[in-house]
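Since the structure comes first, as structure tokens, the remarks are kept for the end.
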Amino acid sequence: MSLTNAPDPEIRQAVVKQDLENVLHPIVQHKALEAKQIVVTGAEGSTIYDADGTAYLDAMAGLWCVNIGYGRAELANVAAEQLRQLAYFPHTAMNVPAAALAEKINELMGGGYHTYFVNSGSEANEAGFKIARQYMKHEHPGHYRFKTISRYFSYHGTTMATLDAGGMGERKAKFEPYSGDFVHVAHPHCYRCPFGLDYPSCGLACVKNMETAILGEGPETVAEVLVEPIMSGVGVAVPPDEYLPEVEKLCRKYGILLHVDEVINGFGRTGKMFAHQHYDVAPDIVAIAKGISSAYLPIAATVVKNSVFDSFYGEVADNRQVGQVNTYGGHPVSAAVAVRNIEILEGEKLAERAADVGAYLQDGLRTLMKKHKVVGDVRGKGLLIGVELVKDRASKEPVDAKAITAVQDFCRDNGLLIGRSVGGRRYGNTISMSPPLVITRAECDRIVETLDRALSTVDFS
């Protein structure tokens, strides 16, 4: 069956029938799919196409991941060439593309890192947990340093361990109970400070809360602190500039590893190649995915500082090597595509573009605050943006879930795909945006105009 961007009702109908009878979709309720579907048949730049001919401006870059935009045929050529030369061999041996990609990642990190390849952001964080634990066994024999300190309302993946590390109750509830190896602390969300304080007079109470947890658990039981530089799922919570440096100081003070989740933040999304680079910190472990290949092929990685790598280096008889393997880790085709993707990111200066165009889009979205009292806050960094909707700006009472859904539906019906935050009634009221880094100013204007009409149309009472 051949699919193109040209409308073809018969093909669309056949695909919908085939899908509904055979596919189990993630997150989406199938009754909703029976009522309305998007059958994606093609994409270009920041736009995707339905089999019925409808074009949608994708303000989410898929799942926060198509950083260089859709339709880059040269990546298909890179993949085809590599497939002909070497399609696969386990990464217990070396291959040319993976070595080149690891060298490029090390360069982008500023030097001093080694890279372990996996397939997804969940796996990258999961490998980070295991590396941190094994490192602590090497460096602190006789001690049991296994705990990860993470934040409430964070998101780190969908495996059991990464769900446990994450702090989103509604995502976790269906799979409880968990191990209890992950200790949660307050998150740095200034618009909704969990302590009811205001920045900067708060004195970074969220960092003090983290230190209390470390002391309460006992530093000798803690392996690492896990943070997203900018929290995406909770509604794009951007911390104060000094937050991450202060967290790093805590880690150094207590001999704990700093594990930074750059799965969504990374590869130009926030206006720098990695979000932690805004804050001048040097993580011990970094999880990367999504933008590493702009989702053209699955690949992800756990990047570790050389001081961590050194703990795994020794004689064969010492048995200090990383204690896990990944069938597709370092896949030569995915690695070759990722190398070319990064070359595009750098050559077209897409991180710098994200900073510039992101500021333009945020300025446009802030004009909606003057027109619509329901817009409580507009925040973000680069092209990672949240627009929080409230019933009342003074009380910050969130709008109802039905209202957020209605805004999304209006936008979709008018050719715009946007996301929303997850986190229950208190935190599920933010429109999320992370468009491809190639988005134009004209397309940004269209986002603002469409959201303006949505806010004028939806009943928030």
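Here are the numbers:
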item	result
Conditions (1) in contact with a strand residue (DSSP E or B) (Cβ under 8 Å, 6 or more places away or on another chain); (2) at negative phi: number failed by K396	(2)
Residue within segment 9-23 that is part of a loop (DSSP other than H, G, I, E, B) and either touching a Leu at 6+ places or on another chain (Cβ under 9 Å) or free of Cβ contacts under 8 Å to residues at least 40 places away in the same chain (or both) present	yes
The one condition in (1) in the same structural domain as A93 (by TED's automatic domain parsing); (2) in contact with a strand residue (DSSP E or B) (Cβ under 7 Å, 6 or more places away or on another chain); (3) under 23 Å from I230 (Cβ atoms); (4) polar (S, T, N, Q) that N306 fails to fulfil	(3)
A289 vs. criteria in the same structural domain as K104 (by TED's automatic domain parsing), touching a Pro at 6+ places or on another chain (Cβ under 8 Å), under 21 Å from E107 (Cβ atoms) and not hydroxyl-bearing (S, T, Y)	no
Candidate set: segment 372-403, residues that are under 24 Å from A173 (Cβ atoms) and within 21 Å of the chain's Cα centre (by Cα); chosen: the one surrounded by the most Cβ atoms within 10 Å (Cβ to Cβ)	G386
Residues located in segment 89-116, provided they are assigned to a loop (DSSP other than H, G, I, E, B), out of contact with any Pro (no Cβ under 7 Å at 6 or more places or on another chain) and surrounded by 13 or more Cβ atoms within 10 Å (Cβ to Cβ)	P90, H91, M109
Residues satisfying the stated conditions in segment 57-79, i.e. farther than 20 Å from V28 by Cα and in a loop (DSSP other than H, G, I, E, B)	V66, N67, I68, G69, G71, R72
Cβ-Cβ under 8 Å pairs, at least 6 apart or on other chains, segment 317-334 side without any contact (Cβ under 8 Å) to a residue 24 or more places away in the chain, far side of a type outside the set (V, I, T)	Q321/F312
Residue match in segment 166-189 (condition: among the polar types (S, T, N, Q), surrounded by 17 or more Cβ atoms within 10 Å (Cβ to Cβ) and assigned by TED's automatic domain parsing to the domain that holds E242)	no
Selection from segment 428-444 of residues that are buried (at least 24 other Cβ atoms within 10 Å of the Cβ), part of a helix (DSSP H, G or I) and touching a strand residue (DSSP E or B) at 6+ places or on another chain (Cβ under 8 Å)	none
Flag if T158 is in the same structural domain as H278 (by TED's automatic domain parsing), under 22 Å from M273 (Cβ atoms) and either in contact (Cβ under 8 Å) with a residue 24 or more places away in the chain or within 19 Å of the chain's Cα centre (by Cα) (or both)	no
Filtered residues of segment 315-362 (kept if more than 23 Å from T115 (Cα to Cα) and outside any helix (DSSP H, G or I))	E348, K349
Condition broken by G235, with the remaining ones in (1) part of a loop (DSSP other than H, G, I, E, B); (2) in contact with a strand residue (DSSP E or B) (Cβ under 9 Å, 6 or more places away or on another chain); (3) under 24 Å from K130 (Cβ atoms) satisfied	(3)
Condition broken by G196, with the remaining ones in (1) among the small types (G, A, S); (2) surrounded by 14 or more Cβ atoms within 10 Å (Cβ to Cβ); (3) assigned to a loop (DSSP other than H, G, I, E, B) satisfied	(2)
Criterion (touching a Lys or Arg at 6+ places or on another chain (Cβ under 8 Å) and either closer than 19 Å to N341 by Cα or outside the structural domain of E262 (by TED's automatic domain parsing) (or both)) met by exactly one of G112, G71, G121	G121
Of the criteria (1) small (G, A, S); (2) modelled with pLDDT of 95 or more; (3) surrounded by fewer than 18 Cβ atoms within 10 Å (Cβ to Cβ), which one A317 fails	(2)
When residues of segment 243-279 are limited to those that are in contact with a His (Cβ under 7 Å, 6 or more places away or on another chain) and outside any loop (DSSP other than H, G, I, E, B), the one surrounded by the fewest Cβ atoms within 10 Å (Cβ to Cβ)	L244
Given (1) of a type in the set (G, A, S); (2) surrounded by fewer than 23 Cβ atoms within 10 Å (Cβ to Cβ); (3) at negative phi, number of the condition G415 does not satisfy	(3)
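So that you can scan it fast, the table gives a plain yes or no per residue for (1) outside any loop (DSSP other than H, G, I, E, B); (2) aromatic (F, W, Y); (3) more than 30 Å from D318 (Cβ to Cβ):
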residue: R145; (1), (2), (3): no, no, no
residue: T162; (1), (2), (3): yes, no, no
residue: K174; (1), (2), (3): yes, no, yes
residue: P188; (1), (2), (3): no, no, yes
residue: E224; (1), (2), (3): yes, no, no
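The values are calculated or read from the model by the stated rules, or taken from the named source; none is laboratory data. What you see is a predicted model, and the numbers here were worked out from it, not measured in a lab. Virtual Cβ from ideal backbone geometry, glycine too; neighbours counted across all protein chains shown.
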